[in-house]
Amino acid sequence: MNNETEIRRATADDIGAIRSVAEVAFRAAYAAILSPEQTDYMMEMMYSAESLHRQMEVERQAFYLAVDNGRTIGYVSVEQQGERLFHLQKIYLLPECQGRGIGERLFRCACRHIKSLCPEPCTMELNVNRHNRARGFYERMGMRKVREGDFPIGRGYYMNDYIMAVEL
């Protein structure tokens, strides 16, 4: 674990930093899984400044950043979807920063955020591409596959995901 890496709540002022990390981390995560065209489409759909602003302000997603020596190196976002149901929407870390315990810290931060909103037992779910190697990370964090689905996202593209869950 890197003690110099700070985990802090993001604001709209951090949208540029989130986009910069996504440009590297999101693309790296899907380079061997999705076509460049689908990746470009998903980047615009999920990481345009307008989309991130809507996620923060309208959808009320809580974003947290991992900041190492003043440089944003990762992020996590979580959204409440029901009284006791939350969705881990995003968790990405720059590839060169993986394996240092920072992803686990971001994951645990999302769990703490959820428990601050819902102290009683609740569920956190996430969608992970069936071919994404991050599935092993989620399993190490205690998540288990509960179902799967193929979700249309526009322009003929689909997200072919496992839905994983953990009880908090």
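Entry for region 10-52 at q = 0.19, 0.34 Å⁻¹: log10 I(q)/I(0) = -0.54, -1.20, Debye formula applied to identical alpha-carbon scatterers, no solvent contribution. Here's how it looks for Ile153: its modeled amide H is under 5 Å from those of Tyr158, Met159, which are all 5 or more places away or on a different chain. Estimated from helices alone, the mean residue ellipticity of the chain at 222 nm is -11000 deg cm²/dmol (sum of -39500 (n - 2.57) over DSSP H runs with n ≥ 4, per residue).
Taking the alpha-carbon centroid of each part, what is the distance from region 93-140 to region 1-30 in angstrom? Result: 14 Å between the Cα centres.
Computed over the alpha-carbon pairs of the chain, the distance histogram in 5 Å steps reads 2, 8, 17, 21, 23, 18, 8, 2, 0 percent, short to long. Phi-derived couplings, Karplus 6.51 cos²θ - 1.76 cosθ + 1.60 at θ = phi - 60°, listed residue by residue for region 128-139: 9, 3, 4, 9, 7, 5, 5, 3, x, 4, 5, 5 Hz, with x used for Gly and Pro. Around the amide H of Ala10, modelled in the peptide plane, lie the amide H atoms of Phe63, Tyr64, Leu65, all under 5 Å away and 5 or more residues distant in sequence or on another chain. Stokes-Einstein, applied to the Kirkwood radius of region 1-91 over Cα pairs at a viscosity of 0.692 mPa s and 37 °C, places its translational diffusion at 236 µm² s⁻¹. The order of Ile102, Ile73, Ile7, going from fewest to most other C-beta atoms within 10 Å of their C-beta, is Ile7, Ile102, Ile73.
Scanning the chain for cysteines with no neighbouring cysteine C-beta under 4.7 angstrom from their C-beta gives Cys97, Cys109, Cys111.
Computed about the Cα centre, the dipole magnitude for region 1-105 is approximately 260 debye when only Lys and Arg (+1) and Asp and Glu (-1) carry charge, each at its Cβ.
Readers should treat all values here as calculations from the given coordinates under stated rules, not as data from a laboratory. Please read all numbers here as calculations on a predicted model, not as lab measurements. Here Cβ is always computed from backbone atoms with ideal geometry, including for glycine, and neighbour counts include all displayed protein chains.
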